[in-house]
Amino acid sequence: MATHMLVEEAEYWWISTKRRIEASGDAITWVRFKNEFLKKYFPEDLRNKKEAEFLNLKQGSMSVAEYAAKCEELSRFCPYINAEDAMVSKCVKFENGLRPEIYQYICFHEIRDFTTLVHMCRMFDDAGKAKMNYYKVVSDKK
């Protein structure tokens with residue numbers, strides 16, 4: 001069914017690829033199609049760059065929500081980090097990329113559920129922003 005979604009260049013690519021696979025006598029399975037498609041449109045060197053981007057990701061000036069979204073987006077290029085038994089690794093990776101003031105608060109809690117970790121970090125970040133705004137208002141009144 002996926003091949004029916006292909007249009008223009010991708011459709012022409014699939015027609016010739018399908019002929020090549022059929023001529024070799026191999027079966028066309030979902031795995032085979034996916035591998036051929038990725039080889040053509042998302043080669044290994046690009047996947048490796050995205051994996052490296054994930055591994056080097058830091059929060060920097062992003063909010064916790066933005067950092068978490070970027071982390072989720074890029075984590076799909078590291079299949080091993082999304083495995084059932086890799087939750088601890090994903091949490092540790094996320095923690096290590098946090099800004100120091102958030103990391104300092106969160107690391108000793110050893111939260112190993114990604115959703116809970118993001119939620120706690122976001123609440124801490126929001127509280128820090130509220131505190132900063134409060135002191136800004138107080139100092140502006142002086």
Alpha-carbon Rg with Dmax, taken over the range 1-96, Å: 17.9, 54
If the elastic network links every pair of Cα atoms under 10 Å, which of Met62, Met120, Met132 fluctuates the most in the Gaussian network model of the chain? Met132
Most mobile listed residue (Ala23, Ala68, Ala52) in the chain, GNM with C-alpha springs under 10 Å: Ala23
Along the range 23-29, Karplus-curve 3J(HN,Hα) (6.51, -1.76, 1.60; θ = phi - 60°) to the nearest Hz, with x for Gly and Pro, reads 5, 7, x, 7, 7, 9, 10
Kindly express, to the nearest 10 degrees and within the range 0 to 90, the angle between helix 114-141's C-alpha long axis and the longest C-alpha principal axis of the chain. 40 degrees
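Order by neighbour count: Thr3, Thr115, Thr17, fewest other Cβ atoms within 10 Å first, most last. Numbers along the way, then the final one.
Numbers: Thr3 14, Thr115 10, Thr17 18.
Final ranking by Cβ density, sparse to dense: Thr115, Thr3, Thr17.
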Angle in degrees between helix 87-97 and the longest Cα principal axis of the chain, rounded to the nearest 10: 60 degrees
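Show that you can apply the helix-only estimate: for the chain, add -39,500 (n - 2.57) for every DSSP H stretch of four or more residues, divide by all residues, and state [θ] at 222 nm to the nearest 500. Walk me through the numbers on the way to the answer.
On the way: 7 runs with 98 residues, N = 142.
Here the helix-only value at 222 nm equals -22500 deg cm²/dmol.
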How compact and how long is the range 46-141, expressed as Rg and Dmax of its alpha-carbon atoms in Å? 15.1, 53
Report the Stokes-Einstein translational diffusion coefficient (µm² s⁻¹, integer) for the range 2-41, Rh taken as the Kirkwood radius over Cα pairs, at 10 °C with viscosity 1.306 mPa s. 154 µm²/s
Within straight-line cross-link reach of Lys34, lysines at Cα separation under 20 Å, skipping those fewer than 8 residues along the same chain: Lys18, Lys49, Lys50
In a GNM of the chain with a 10 Å cut-off on Cα contacts, which of Tyr67, Tyr105, Tyr41 has the highest mean-square fluctuation? Tyr41
Mind checking the angle between helix 44-55 and the chain's longest principal axis? C-alpha axes, 0 to 90 degrees, to the nearest 10. 10 degrees
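Just so you know, all these numbers are worked out from the coordinates, no wet-lab data involved. As the structure is a prediction and not an experimental result, all values here were calculated from the model. Here Cβ is always computed from backbone atoms with ideal geometry, including for glycine, and neighbour counts include all displayed protein chains.
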